[in-house]
Structures are given as C-alpha cells and as structure tokens.
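K.L.:
The structure that follows is given in the form of structure tokens.
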Amino acid sequence: MTIHPEDLLSAEERLKRLHERLGGIAYGGDYNPEQWPREVWLEDARLMQQAGVNLVTLAVFSWSRLEITDGVFDFGWLDDVMDLMHAHGIGVDLATPDAVPPAWLVEQHPDIMPERADGSIFGFGSRQHFDVSHPVYRAKSLALTEKMGERYAQHPALRMWHVGNEYGPTSYGPWAEKAFRTWLQRKYASLDELNQAWSTTVWGQHYTDWNQVRVPAQPRTWSNPSRRLDFHRFTSDSMLEHFKAERDILRRHSPDLPIVTNFMRFYKTNDYWAWAAEEDAAALDIYPDPREADAHVSAALNFDLMRSLRQGQPWMVMEQATGAVSQWSVNVSKLPGKMRLGSYQAIAQGADSILFFQWRQAKGGTERYHSAMVNHAGPNTRIFREVCELGQELKSLGGLTGTRSTAKVAIVFDWDCWWALELGNSPRSDLNYAQEVLRFYRPLFEANVTVDFVNANSDLSPYSLVIMPASYLLTDESAARFGKYVSDGGRLVVSYLSGVVDEDNTIRLGGYPGALRNVLGAWSEEMHPLAGEDEQVKLSTPDGGTSAASYWTEHLHAGTAEVLASYASGRLAGVPAVTRNAFGQGTALYLSARLDDDLHRLLLSEELHAAGVVPELDVPAGVQVRRRAGTKADGTARSFLLVLNHNDAPVQVDVHDGGTDLLSDRPVQGTVEVEANGVLILEEKVASWHWDWTRLRRQSSGRSRTRSAATSLEAGSWRSNGIGACTHC
Ligand code: GLA
C-alpha cells in the first residue's frame, strides 16, 4: 500500500480520533498476559472493565514469545489477548518489542550486545541490550514490526502503536563506530572540516583518514569535548533513526493511528525535541519519589516539558506507579490520594492519558515489587479501590481532551546545552543542567505561572518573558534569534554559563557570554566558581541593600547595562554581578552568579510584573492552578480550571465566578474548600459568541482579580534583607 503524504492525518487529528474511540481520557496500563496462565486473562478483562480501563499496552517485552526462534513465530496467544480485549471493549496500544532481543538472537550474534566505553560488553539477562546500529538487530526488529503491522493493523481492538521502550542504550562497539563515522561523513563535508570543528590541533589529534575516526571510547586521560558532543548527537540520532524506521512500517499499515514511544524524566541521552517532532504525541514515564515532599515540582517541570515538546499538544502519561516502585534503595508507597492527585496534576498540565506500569503486579522477575493496578494481594485492596474510583471519575472529564494551556513565559531547555555543559573539563564539572533549569522553574510553578519550554530554534513571539538558565551552547542563528526577540520588545533573563560555546563546543572569544554579549550589554573577563560547598560572597545593590551569591561568580563588566547588584566581598568586591540592558524595544537581564533565593525570586517577580504576567488564580501556598481551553466539535468555546491541593491539609480557595464542578456535577463559586491532596475541576462559563484566546486570558486574569505573579513570587524576606524595593508593588 502506498501512502501519499497529503492523505495522512495530522498528529493532532490522530489523537483526536484516538480519544473519540476511547470515549475520552485514556486510562489503563502495560499489560503482560504472557506472564500469567490463561484463566487469569479472563479475570483481568473483567477487572479492567470494573476499573474503567479503556486502553492497555501489550507486547512491550514479548519478542521471545512472538518469535520463538529465528523466523518461527507464534502470534496465537497475542491474537487471543487482542480478541479478549476487544470483546470487553478495551482498546490496545500495541508495542513493537525491540527493547528485548531474545536469547537465541544474542546467541547467534553476540555483538548485538552494547559495548561500554571501556570496551567491556554487557551481559544478557536484563533489557535494552542492543546496539541499535547492529545490522542484524535492525533487520530482525524491522521484520517483526512488519509482521505485527500486517497482522494487527486491522484488528478492531487496535487503537495506537508503541514503538520500543524507553530508547536509551549507548554503545561504543564496532557497529556503533561504523555508523558514527557515516554520521560524521554526512555532517562534515570533509575531514578537514571535522579537524577544524573538533580542534584537533590541540593535543595533536589531527586525522588524515576517515578510518582513524573512532567512537570516544575510554580515553587515556581526558577526551576531546567536541568529539564527545558529536557522539551524544549521533547516539540520539541513531536511535531515532531506528524508531522512524519502525514508525514508517507501522504508518504504512495504519495511517490513522497514533505512533509513539515512551520518554523518561530528565533523560539526557535522547534529544526529545527531535524525537517528539517524529511522533504523534509525547509520552512520559514518570516515577516521582514519594520520599521527596516536593517531588511534584520536578514532576511538574517534566509535565510542562512534555506539553511543550509538541507545542502544547496534549501528551500522554504512558507509565506511572499506583504505589511503590522497585528501583530505589527504599521504595516507599504513595500515600492514599497521591496517585489520584499526581494523575490530575498531569491532566492539569495537558495530559489526555493516564496509564500505569503495570496492570497486574508481577510474581517473578526483576520488578516483582513494583506496584500495579492489581497488586499481589488482588483486587480487594486500597490501591485497586483507588484505581477504580479514578477510572470512574475520568469518565466525566472527556470534554478536557484536546484542550490546551497558553503561557506567556518560556524557559529554554536544550539537549545540546545539556550535553555540552556536562562533559567535564569545564570550570565546574559538578554542574547539573536539569537542576539549573529547575531553579528557575520552581518559583514560577509556585506562583502558578504557566510556563512553556522552548529550545534554541523555537518561535519566541508568543512570549513576554524568556528565561535562559545556563544556555551554554548557542549557534549564531539561535543567538541572533534571541537578540531579535529582545530588540522586538521581549524580556530575556540569562543566567551564568550561557552562550559560552558555539555549536562545535568551542569557546566564543572576546569575553563571556560570547553569543549574548551584545544583547546583554555586559561581558565577563573571567569565570570564578566558588570552591567550597558553603562558600558565599556578599552582594549589594546601589541603594544599599544586601544579599548573597554562592556556587558561581564572574568578573563581569557592565558596558551599556545598568548594574542591579554588585559583588560586595571576596576577590570580586566592587564588580557588577547582576545587570539589565535595554536593547531595542526590550530588555535583557544577566545573572552572573547563583543568587540567593530571595534575590532570585525578587528579580523574577519584577520581570514577570514588567512582562504583564499574572498567575492563573490567587491561591494559598502548595495549591497548583492550571487552565485548559479549547473548542467543542460545534466550535463553541470551553474552558476548564483545575485546582490541585498538594498540601496534606484542606485549603480555602476563592474561585470567583467558578463554574460546574465536574466531579460532583454541581455549580461552584466564591470560596470553596479543597480537601487535603484533593482536586477541583471546574468547567468555566464561557460566552460562546466571543471565543478567542486572548480575550479568554484577559477574562480569566480579570475575573480572578489576582495579585500579580510578581507579588506571589515575593519571598517576603527580601524587604527585610534590604534589597531595594519592588518598584511595582
Ligand atoms: C520503566 C519501564 C517499565 C518498567 C517501569 C517501572 O518506565 O518502561 O517497563 O520497568 O520503568 O520501573
């Protein structure tokens, strides 16, 4: 069958159809029936119905049960499970099981196993044990994908495809090496170009023949950072290439069904911007650690990242746990209500699917202690009761599917920056990029400001404020784009270690942050990381306020920029620390140090205020508010306000005009109580005749009569610290 691109549905249309066929939000999880006798399957199907399950993911790890030995297939059991699911009205998200090449294949081709940088080879007995560049691995997994496509594309239970599982293994073996060389030959027009890009004159690494170019295996001492950056890019690209090859086969068989793979939180190996662009939806596996009181904050960051990867399109929670996981030293179970709250948090942040790993808790194998929708004790448990309750509730929330949130603030999150920053041999090898991003995300989250993530190539025009935490690597084009954003009237906040290197990971000369010197109107002549864990330097403001910085400082020169704070102790005493530059119609703030929390929040609050950004609603601490809006099939507007209480005590929230509480189907307005770890999901009244995004945003901010985000962000103590005065409050 030939598919003409013009006949293909868009990703958004495929998702829309998926949710129409599922009857709303997707609910279910990974189902591994091959681990259980057939009589259990029937009980599973019945319990799934009881729980409101409408989608299960099958066959993720089933390669050895589907291709028993080379070319000998047994699809009979999977046919039966697919039929059983269909008979019970449950849809299937069918996986290609390429994460687990079977023992017979590894026996035939031991070099399928990935090789570590030190040349040692992983042993069989776990999963993700493949070098994605191995030609036999590729051929065999594509052949199996073809067979699955042929066999199941028309099955009435099939709702979507799930390619592989958590792509990630990096291999330094011979097949990876060959593919790396080919990748480099595509990237660089000549070996001279590669020599130039990799600065091979340093330490005498000049190449005279392509065959000399190898993977960056365990070096004698330190290895070339430009080469290692290219190897990161290659690793992500080579796995993506394999994903695309399987996707294209499945697309040929099922042009209208969504095709995804599952992402991991804070996962450095794969550039999820590039990956998400090739999928129908971003899909996340999320396992917040219940031992961390604020685990929901880093979860929120990951949720907003998923929402942003496909520019606001609804995304999927592909896996989460009902209770404990089995991957940490102490695996604490989620407290009652937390699984429900976490699920609604994902929905509030744009997810239209709530799926778990897994349906039935395994009896044996590595993850036998990982909780499930049906635990070892069976269905007569708190967890299964919570699973059923959530499944029932989600049935009333179908109207949310397809709706979106809008943000006026964006944070830059970029894999090139991540890779380049954490390669070592830098002034600070302990820098954690994700934590740097979280440091800027957290206060905005706490102030209930909706944030999008963008990368260095994104369209910045929707945003009034763009934040660049440690945006270390910038190409000339992306630097120019950020510059234009500011000169056109945008507000930019840039932190230390931004714009330092170019795309080859070589330093931009003339002072840091090279790529942004112009727009920032300031430059640094030297980096001064602070060595001691608790080492601090004092800061002062022109009007006599004081604060502190730690971790990182720079010898900064303010050129055209205004100095907002200077170093007041240590070797940089008297040197500017924080500057703000007027550039064209906009402004650019530079933080050359890790500021103490109060000043960090104050500066962000001033930026938000100046950018006209308001929180979704004025609420007590620990309460998260998000809004999702869109149109019904008939074109009329819909708007939903989701209020999540992350506190272990009830709170009072003023929802003003309110709307219909979808979980109780009652009208709600004014001050309402949200129970501990509870949620409120309101469908707001929206006048259908004047539907437009801008107006809706204006209405919502006006209606809530909120404090500005600036006021919500104030730490309070900055005044007593004597740091200036908020000129806007
Ligand atoms: C990942 C995997 C699952 C399972 C869970 C739980 O997300 O995709 O197969 O192992 O973790 O640990």
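K.L.:
Being in contact (Cβ under 8 Å) with a residue 40 or more places away in the chain and farther than 30 Å from V643 by Cα, is that true of even one residue in segment 444-456? Outline the logic, then answer.
P.N.:
So the first thing to find is which residues in segment 444-456 are in contact (Cβ under 8 Å) with a residue 40 or more places away in the chain, and the list is 444-456.
Narrowing the set further to residues that are farther than 30 Å from V643 by Cα leaves 456.
Yes.
Here's the yes/no breakdown for (1) outside any loop (DSSP other than H, G, I, E, B); (2) of a type in the set (A, V, I, L, M):
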| position | (1), (2) |
| --- | --- |
| A362 | no, yes |
| T366 | no, no |
| H370 | no, no |
| V387 | yes, yes |
| K395 | yes, no |
| G398 | yes, no |
| A410 | yes, yes |
| D416 | yes, no |
| A420 | yes, yes |
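K.L.:
Among the residues of segment 269-289, count how many are in contact with a Leu (Cβ under 9 Å, 6 or more places away or on another chain) and either surrounded by fewer than 20 Cβ atoms within 10 Å (Cβ to Cβ) or β-branched (V, I, T) (or both).
P.N.:
Residues meeting the conditions: 3.
K.L.:
Return the residue satisfying two criteria in turn: it lies in segment 261-292 and is of a type in the set (K, R) and within 12 Å of the chain's Cα centre (by Cα), and of such residues it is nearest to M239 (Cα to Cα). It would help to see each step written out before you state the result.
P.N.:
We begin by selecting, within segment 261-292, every residue of a type in the set (K, R); these are 265, 268, 291.
Then keep just the ones that are within 12 Å of the chain's Cα centre (by Cα); that gives 265, 268.
Numbers: R265: 18, K268: 13 Å.
That would be K268.
K.L.:
Take segment 256-294 and flag every residue that is within 16 Å of the ligand (Cβ to nearest atom) and either assigned to a helix (DSSP H, G or I) or not assigned by TED's automatic domain parsing to the domain that holds H232 (or both).
P.N.:
Answer for segment 256-294, where residues must be within 16 Å of the ligand (Cβ to nearest atom) and either assigned to a helix (DSSP H, G or I) or not assigned by TED's automatic domain parsing to the domain that holds H232 (or both): Y272, W275.
K.L.:
Which condition number does L355 fail, the rest of (1) within 16 Å of the ligand (Cβ to nearest atom); (2) touching a Lys or Arg at 6+ places or on another chain (Cβ under 9 Å); (3) not in a loop (DSSP other than H, G, I, E, B) being met?
P.N.:
Just one mismatch for L355, condition (2).
Okay, residues lined up against (1) under 16 Å from V53 (Cβ atoms); (2) away from the ligand (no atom under 16 Å from the Cβ); (3) surrounded by 23 or more Cβ atoms within 10 Å (Cβ to Cβ):
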site: I347; (1), (2), (3): no, yes, yes
site: P379; (1), (2), (3): yes, yes, no
site: K408; (1), (2), (3): no, yes, no
site: I411; (1), (2), (3): no, yes, yes
site: N425; (1), (2), (3): no, yes, no
site: D430; (1), (2), (3): no, yes, no
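K.L.:
Surrounded by fewer than 23 Cβ atoms within 10 Å (Cβ to Cβ), part of a loop (DSSP other than H, G, I, E, B) and either basic (K, R) or without any contact (Cβ under 8 Å) to a residue 24 or more places away in the chain (or both) - does that describe any residue in segment 625-632?
P.N.:
Yes, the conditions are met somewhere in segment 625-632.
K.L.:
Listed residues A565, A558, A593, A573; which is within 24 Å of L473 (Cα to Cα) and more than 29 Å from the chain's Cα centre (by Cα)?
P.N.:
On inspection, the qualifying residue turns out to be A558.
K.L.:
Looking only at segment 491-536, count how many residues are assigned to a loop (DSSP other than H, G, I, E, B), free of Cβ contacts under 8 Å to residues at least 60 places away in the same chain and of a type in the set (V, I, T). Step through it out loud before you land on a result.
P.N.:
Looking only at segment 491-536, we keep the residues that are assigned to a loop (DSSP other than H, G, I, E, B), and these are 496-500, 502-506, 508-511, 513, 521, 530-535.
Applying the additional criterion that residues be free of Cβ contacts under 8 Å to residues at least 60 places away in the same chain yields 498-500, 502, 508-511, 530-535.
Right, trim to of a type in the set (V, I, T) and you get 500.
Qualifying residue count, segment 491-536: 1.
K.L.:
A follow-up question, please. Which of the residues belonging to segment 162-203 are touching a strand residue (DSSP E or B) at 6+ places or on another chain (Cβ under 7 Å) and more than 16 Å from the ligand (Cβ to nearest atom)?
P.N.:
S171, Y172, G173, listed by residue number.
K.L.:
Considering segment 86-114 alone, what residues qualify as being surrounded by 16 or more Cβ atoms within 10 Å (Cβ to Cβ), more than 15 Å from A153 (Cα to Cα) and among the aliphatic types (A, V, I, L, M)?
P.N.:
Selection gives I90, A99, V100, L105, V106, I112, M113.
K.L.:
Could you tell me which numbered condition S343 fails, if it satisfies all but one of (1) among the polar types (S, T, N, Q); (2) within 22 Å of E43 (Cβ to Cβ); (3) more than 13 Å from the ligand (Cβ to nearest atom)?
P.N.:
With (1) among the polar types (S, T, N, Q); (2) within 22 Å of E43 (Cβ to Cβ); (3) more than 13 Å from the ligand (Cβ to nearest atom) applied to S343, the lone miss is (2).
K.L.:
Something else: Could you list all residues from segment 97-143 that are under 23 Å from W183 (Cβ atoms) and within 16 Å of the ligand (Cβ to nearest atom)?
P.N.:
The first filter runs over segment 97-143 and keeps only residues under 23 Å from W183 (Cβ atoms), leaving 98-99, 101, 109, 111-119, 121-122, 128-142.
Hits for segment 97-143 are D98, A99, P101, Q128, H129, F130.
K.L.:
Quickly run through segment 27-44 and pick out the residues that are within 12 Å of the ligand (Cβ to nearest atom) and polar (S, T, N, Q).
P.N.:
N32
K.L.:
Quick check, is F384 within 16 Å of the ligand (Cβ to nearest atom) and either crowded, with 19+ Cβ neighbours inside 10 Å or not assigned by TED's automatic domain parsing to the domain that holds P37 (or both)? Let's see the steps before the verdict.
P.N.:
Details: within 16 Å of the ligand (Cβ to nearest atom): no; either crowded, with 19+ Cβ neighbours inside 10 Å or not assigned by TED's automatic domain parsing to the domain that holds P37 (or both): yes.
No.
K.L.:
List the residue pairs whose Cβ atoms are under 7 Å apart, where the first residue sits in segment 358-379 and is touching a residue at least 12 places away in the same chain (Cβ under 8 Å) and within 22 Å of A45 (Cβ to Cβ), the second is small (G, A, S) and away from the ligand (no atom under 11 Å from the Cβ), and the two are 6 or more positions apart or on different chains.
P.N.:
Short answer, once both residue conditions are applied: S371/G323; S371/S333; M373/A51.
K.L.:
In segment 60-88, how many are within 16 Å of the ligand (Cβ to nearest atom) and in contact (Cβ under 8 Å) with a residue 40 or more places away in the chain?
P.N.:
If we filter segment 60-88 for residues that are within 16 Å of the ligand (Cβ to nearest atom), which is where we start, we get 60-65.
Filter once more, so that each one left must be in contact (Cβ under 8 Å) with a residue 40 or more places away in the chain: 60-61, 63-64.
Summing the residues that are within 16 Å of the ligand (Cβ to nearest atom) and in contact (Cβ under 8 Å) with a residue 40 or more places away in the chain in segment 60-88 gives 4.
K.L.:
Pull up segment 318-335, narrow it to residues that are touching a residue at least 60 places away in the same chain (Cβ under 8 Å) and over 21 Å from the mean Cα position of the chain (by Cα), then point me to the one that is nearest to the ligand (Cβ to nearest atom). Outline the logic, then answer.
P.N.:
So in segment 318-335, the residues touching a residue at least 60 places away in the same chain (Cβ under 8 Å) come out as 318-319, 322-323, 335.
Filter once more, keeping what is over 21 Å from the mean Cα position of the chain (by Cα): 323, 335.
Values: G323: 12, L335: 19 Å.
Per the stated criteria, the residue is G323.
The values are calculated or read from the model by the stated rules, or taken from the named source; none is laboratory data. Nothing here was measured: the structure is a model prediction, and the numbers come from that model. Cβ sites come from the backbone with ideal geometry, for glycine too, and all protein chains shown count toward neighbours.
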